[in-house]
């Protein structure tokens, strides 16, 4: 997602990990050198799965919506299956006005979908419910 990190690893400028029993690392660890980007990526991994949008990220990161959208696009470019699944679930939610958990329970979204101001909330709920509702 962040080519500069891969480039740094390839050049030996940072390491993915290091066994400290072998002494001091010959280069900084990725988690230290790229702490801010790593935190952003970890946040995205969890937040996008639960329906967070570029607008939400732009607020969290105090950046433009365009910058957040570009970062989200990069995230999805490496995770096509996640985007395809989310689109499928949102389409079904709009057509049927419900979503379903992984264990088969239904969540009625008719009210959320019908209220224009919460339409985006309904789409987030459509992809959030299968994940949250699958936890026993």
Measuring from the longest principal axis of the C-alpha atoms of the chain, the long axis of helix 119-132 (C-alpha) lies at a number of degrees, nearest 10, equal to 70
Can you sort 50, 76 so the residue with the fewest Cβ neighbours within 10 Å comes first?
50, 76
Which value in deg cm²/dmol, rounded to the nearest 500, describes the helix-derived mean residue ellipticity at 222 nm for the chain, given -39,500 (n - 2.57) per DSSP H run of n ≥ 4 and division by the residue count?
-18500 deg cm²/dmol
Would you mind getting me the FRET efficiency between residue 102 and residue 65? Use the beta-carbon distance for r and R0 = 25 Å, nearest 0.05.
0.20
Kirkwood hydrodynamic radius of segment 80-136, from inverse mean 1/r over distinct Cα pairs, in Å
11.2
List 46, 34, 2 from most exposed to least, where exposure is judged by having the fewest other Cβ atoms within 10 Å.
46, 2, 34
Could you give me D for the chain, from Stokes-Einstein at 10 °C and 1.306 mPa s, where the hydrodynamic radius is the Kirkwood radius over C-alpha pairs? Units µm² s⁻¹, please.
92
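Computed from the coordinates by the stated procedures, all read-outs in this text should not be read as laboratory data. The model shown is predicted, which means the values in this text are computed figures rather than measured ones. Note: ideal-geometry Cβ built from the backbone for every residue, glycine included; neighbour counts use all protein chains shown.
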